[in-house]
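These notes are about the structure you will find just below.
Nothing in this text is a laboratory measurement; each read-out follows from the coordinates by a stated rule. Every value quoted in this text rests on a predicted model; they were computed, and no experiment measured them. Methodologically, a virtual Cβ is constructed for each residue, glycine included, from the backbone with ideal geometry; neighbour enumeration extends over all protein chains shown.
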Amino acid sequence: MCKRRRKYMSCPMHTCKVKKVKKITKNMILGEVARKYPETINVFLEHGLPCAMCHVAFHETIEQGAKSHGIKVDKLVEELNKAIKKK
């Protein structure tokens, strides 16, 4: 946890550790997942969710992003978890 930012995300300004989870859920912030697990970016793009890399991604959950693009969130989360297990 970054003590200065009080969030579990990578901290480019200091050497704070990133807390990695073992499973991605639909309630996680989209941008934080993409930042912690770069291997998930291709999954987001394949599903038609290019906002994994935009400023909105840090303000909405995976579920919110998927719904706004008409994507089935359960299938997306399943494939995201497969991507992080491959690494």
Label residue 72 and residue 25 with points 7 Å out from Cα along Cα→Cβ: what is the distance between them in nm?
2.2
Select from 61, 43, 71 the residue farthest towards the positive end of the dipole of segment 30-86; place +1 on Cβ of Lys and Arg, -1 on Cβ of Asp and Glu, and compute about the Cα centre.
43
Label residue 86 and residue 53 with points 7 Å out from Cα along Cα→Cβ: what is the distance between them in nm?
1.7
Placing unit charges on C-beta atoms (Lys and Arg positive, Asp and Glu negative, everything else neutral), compute the dipole magnitude of segment 30-86 about its Cα centre in debye, rounded to 20.
140
Please report Rg over Rh for segment 30-86, where both radii come from the alpha carbon positions and Rh follows the Kirkwood definition.
0.91
